[in-house]
Amino acid sequence: MTNTDKKDKIIPQVMKWGGCWKHINLTNTCTIDNGLTILHLFYIENEQFRYLISSHQSEALNTLSTVMTLMSEHNYDQAKLVWAKLSPNVSSNLFGDEADFMMSHLDKLWKSKIISTCTRPSCSDSFIEYREEYGFRAQTADSIDDIQQLVDKWMHKTVSCASCVSDTEDNQGIGEVCNSVRKERRQIVEKSPVLVVRVYEHVLHDRLLPGNLMRSKQIKINDDVFKLAGITMYKEGHFCAIVFVDGVMYWYDGLVGKLSCLPSDYSSLYFPTHAIFCQIK
Ligand SMILES: [Zn+2]
C-alpha cells in the first residue's frame, strides 16, 4: 500500500472524485465516494468487521466485500462502478443524493417489527404485533442527547394507548379510549454489520446538536456493538466526510483525494447527513 507519511502517522491512500473504467467515465461520484471511503478505512483496520461483511448473505454486502477488496488494491474506479451497478438504471453519472446510491442499499438490510402491549389487562388491543418493516427509521420529536438515545427510542418506547376498553358493564363505556401506557418493543428480524443513521433531519430541527454527534463513538443494539466509522457532510451540491484512522478524525473530500485535518470552519460550512456505524462485536 502506498502511504503518505505525515509526522509519525501513516495515513491511508483514499479514492479521488470521478473515475474512468474501461472507457466509462464516472462523474458526480461524491454520492458514493464518502460512504465507500468511510467503510473501507474501517474495513482495513477491523478484522471482525471484515469477517461479518464477507459472511453476510445479501447482494449488497457481497458487492461491498468485492468493492472493499478492489479498494485495498487501489482499483478505485472499478470499485465505484461495481458498487454503482447495485442501483438499477444507473448510468456513469451519480448525480443525486447519497441516500439513493449508497445508504439505501445498506439500510434495507435491516428488518424489524414492533411488539406492542398495553399495561391495562382489559384493553381491547392488549397485544399487537406490527408487520415487519425494512430499514432503520428512528423518529423522534424530542431532543436527543446522542445517537445511542435515538437508537434506544427506536428499540423501546412507551406511548399512550389509543385503543378502546372492552370490559365495561352494561356497555355504557364502549368507545372509551384506554389511555393506559403501551410498551412498544422492537424485535430485530434481519440485521447487518453496517448501520446507517440519518442524522440530517434531527440536526436540522435542532433535536440533535451537531456537537453531540460524536458522543456516541459506540452504540449498542441488543448485544451487538457498533463503532462510529464516519459521518457524511453536505454543502451546496457536494458531499464530504469525517473519517477515522486509528481513532483519529480526518477530513475526506474526494475532490482533494487525500485525507487532511478537519477544516476549522467545517461545522459552519457543512451539514451532517449520515452517521455510519460498523459492528465490532
Ligand atoms: Zn390499552
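The values are calculated or read from the model by the stated rules, or taken from the named source; none is laboratory data. From a predicted model like this one, the values you see are computed outputs, not experimental measurements. Counting neighbours? That spans all protein chains shown, and the Cβs are built from the backbone with ideal geometry, glycine included.
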Original post:
Since C240 meets every condition but one in (1) under 18 Å from the mean Cα position of the chain (by Cα); (2) farther than 30 Å from T27 by Cβ, which condition does it not meet?
Top reply: (2)
Subject >> Evaluation of S143 against (1) in contact with a Leu (Cβ under 9 Å, 6 or more places away or on another chain); (2) within 30 Å of Q48 (Cβ to Cβ) (one fails), failing number >> reply: (2)
Original post:
Restricting attention to segment 74-115, and to residues there that are surrounded by fewer than 19 Cβ atoms within 10 Å (Cβ to Cβ) and hydroxyl-bearing (S, T, Y), which single residue is nearest to the ligand (Cβ to nearest atom)?
Top reply: S104
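For (1) polar (S, T, N, Q); (2) under 20 Å from the mean Cα position of the chain (by Cα); (3) at pLDDT below 95, each residue gets a yes or a no:
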residue: T69; (1), (2), (3): yes, no, no
residue: S72; (1), (2), (3): yes, no, no
residue: A79; (1), (2), (3): no, no, no
residue: N89; (1), (2), (3): yes, no, yes
residue: N93; (1), (2), (3): yes, no, yes
residue: D97; (1), (2), (3): no, yes, yes
Original post:
What's the number of the condition G175 fails, among (1) within 16 Å of the ligand (Cβ to nearest atom); (2) modelled with pLDDT of 95 or more?
Top reply: (2)
Subject >> Filtered residue count, segment 250-281, keeping only those that are at pLDDT 95 or above, outside any loop (DSSP other than H, G, I, E, B) and more than 21 Å from R207 (Cβ to Cβ) >> reply: 6
Original post:
Could we say that E176 is acidic (D, E) and either over 19 Å from the mean Cα position of the chain (by Cα) or surrounded by 21 or more Cβ atoms within 10 Å (Cβ to Cβ) (or both) here?
Top reply: yes
**OP:** Residues being buried (at least 17 other Cβ atoms within 10 Å of the Cβ) and either away from the ligand (no atom under 16 Å from the Cβ) or at pLDDT 95 or above (or both): count how many of those fall in segment 118-139.
**Re:** 3
Original post:
Looking at segment 6-20, is at least one residue surrounded by 15 or more Cβ atoms within 10 Å (Cβ to Cβ), out of contact with any Leu (no Cβ under 8 Å at 6 or more places or on another chain) and either at pLDDT below 95 or outside any loop (DSSP other than H, G, I, E, B) (or both)?
Top reply: no
**OP:** Sort out which residues of segment 140-164 are within 16 Å of the ligand (Cβ to nearest atom), in contact (Cβ under 8 Å) with a residue 24 or more places away in the chain and loosely packed, with under 13 Cβ neighbours inside 10 Å, and write them in order of number.
**Re:** T158, V159
Original post:
Cβ-Cβ below 6 Å, separation at least six or inter-chain, first residue in segment 109-129 and over 24 Å from N222 (Cβ atoms), second near the ligand (Cβ under 10 Å from one of its atoms) and assigned to a strand (DSSP E or B): which pairs?
Top reply: S122/V165; S124/C164; S126/C118
